[in-house]
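Take a look at the structure set out below.
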């Protein structure tokens, strides 16, 4: 069985590769689809979930671009905002992990 560290390492390598190809969000959607969309889901559900995933990515990217202070170097405010985004997403990741990777033998 592959441990969580190995999975994270593989995911990081794949993420870098997808980013270089301009497909980082599509790759994230593919991962979510594997984890959370039933194989027998109706096509309309898959299409709408993909739209929602990309809409979330667009929202976050647009917000980040709008809240940065605009200088060439990151400011303390920029870094604080990014840390707050990271914390918010970390909480969501914990929710997903608890649901899809339970540690109490329910997997």
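The values are calculated or read from the model by the stated rules, or taken from the named source; none is laboratory data. Predicted model, so just to flag it, every value in this text is computed and none were measured. Reconstructed Cβ throughout: ideal geometry from the backbone, glycine too, with neighbour counts over all protein chains shown.
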Every residue from segment 39-73 that is within 25 Å of residue 11 (Cβ to Cβ), more than 19 Å from the chain's Cα centre (by Cα) and at pLDDT below 95: 39
Among (1) surrounded by 10 or more Cβ atoms within 10 Å (Cβ to Cβ); (2) within 16 Å of the chain's Cα centre (by Cα) - the single one residue 22 does not satisfy: (1)
